[in-house]
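What follows draws every value from the coordinates through simple rules; no lab data is involved. Source: prediction; values computed, not measured. Note that we place each Cβ from the backbone using ideal geometry, even for glycine, and neighbour counts take in every protein chain shown.
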There are 2 protein chains.
Amino acid sequence: MEVSTAVNISAAEWQVMRVTWTLGQVSSQTVSEVLAKKMAWKAATVKTLVGRLVKKGALATERDGKRYLYRPVISEQQAMDTASQVFIDQLCAHKVGKTLLKMVQDTTLSQADIAALVTALQEKQKTAPTEVACNCLPGDCQCAAGECNC
Amino acid sequence: MEVSTAVNISAAEWQVMRVTWTLGQVSSQTVSEVLAKKMAWKAATVKTLVGRLVKKGALATERDGKRYLYRPVISEQQAMDTASQVFIDQLCAHKVGKTLLKMVQDTTLSQADIAALVTALQEKQKTAPTEVACNCLPGDCQCAAGECNC
DNA sequence: ATTTTAAGTTTACATTTGTAAACGGTAATT
DNA sequence: AATTACCGTTTACAAATGTAAACTTAAAAT
């Protein structure tokens, strides 16, 4: 039944997660070194974030002598997909397409990424509707002509 | 020089913005009615959010007798684009493609949206790199073989 | 064995966010 | 004219977030 494994990871915490996703299993010292350089954060700040992530269940710990090693509990891809969903869900359904277009245009993508996207889109095209209705208002979108872009 | 017009709009505030984006110029009563139904928010809650948005400069006011009419200061598309950028920027550059793919797959898009995306992607393909490097760590990604998905 | 270090834990503290009640004033209704 | 109904403004208040110092303890170095 999928008991809401969805942990909320804040923007700052996300940076810590990225280090663990990238390095797999890390000491907090490593995380601190990386983020001191990348984010100009004090070690104390990183400690707090790591602590919160452990409490939230986003990081698992394993004793390693006097210290701990931290390991991500959820995969990066899954976390990104969840975050994407949350992001998209808050937008007007009618305008999601335009926004995805902007994202695609403004992002560096590899040949493979592009190919995969094109394939998926072509597949999607087979069953895509002509229009996606605006869902900004409950019931029908009642915007007067010219007053909105729905 | 683009003096950071970027206003921060929280998730709850975003709902208020959507109403103004959709209806163009609204009384707080209208916003309240819409969101009471859509979000089950009390009128007081909406008042707070509207007030904060005005203070943040995201909504402009115009007197209308005893009350105000509210109007969005920035366009929805621009707000969405900014939010998208912020969202994408926090992700590992190497994995943005996969995430966009997921978004495309999980979202309802119109024929026109899909066509526009395909066109943009084909154009992008001409200059796309073979690989997009991971930028999770400062300097080179030092993940050991097999320990990360970079 | 003593001191230094490094780790984790506790405490701090201002802001932002979500949610809303209370208050005060003006316009509309009785 | 008195009263009611709205509307905007103030106040409330807990939780989350960003940022970090202080404290405590155990291991490492001398």
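For the reader, a short list of remarks on this structure follows.
- Pair-distance distribution of chain B: all C-alpha pairs, bin width 5 Å, starting at 0; shares per bin in whole percent are 2, 8, 12, 15, 13, 12, 12, 10, 7, 5, 2, 1, 0, 0.
- 7 Å along Cα→Cβ, label-point gaps from B:LYS55 to other copies, nm, shortest first: 2.6
- Free of any trypsin sites (Lys or Arg not before Pro) that DSSP assigns to a loop and that have at most 13 other C-beta atoms within 10 Å, the longest stretch within chain B is B:67-125.
- 5 Å-binned pair-distance histogram of the stretch A:11-72 (Cα, whole percent): 4, 21, 35, 28, 10, 2, 0
- The angle between the Cα long axis of helix B:96-106 and the main principal axis of chain B comes to about 60°, on a 0 to 90 degree scale.
- B:SER27 long-range amide H proximity, modeled H, under 5 Å: B:TYR70
- Distances from A:ALA11 to itself in the other copies, using label points 7 Å out along the Cα-Cβ axis, amount to 1.5 nm in increasing order.
- Each other copy places its own label point for B:ALA43 at 5.7 nm from this one, sorted shortest first, where the point lies 7 Å along the Cα-to-beta carbon line.
- In chain B, the longest principal axis of the Cα atoms and the axis of helix B:28-39 are about 50 degrees apart.
- Ranked for footprinting exposure by Cβ neighbours inside 10 Å, fewest first, B:ILE9, A:ILE74 give A:ILE74, B:ILE9.
- Only helical runs count toward this figure. For chain A, summing -39,500 (n - 2.57) over DSSP H runs of n ≥ 4 and dividing by all residues gives -16500 deg cm²/dmol at 222 nm.
- 28 Å Cα cut-off, lysine pairs counted over chain B (separation 8 or more, or different chains): 23
- Among the GluC sites (Glu not before Pro) in the stretch A:1-78, those located in a DSSP loop and surrounded by at most 14 other Cβ atoms within 10 Å of their own Cβ are A:GLU2.
- Nearest-ten-degree value, helix A:76-89 long axis tilted from longest Cα axis of chain A: 40
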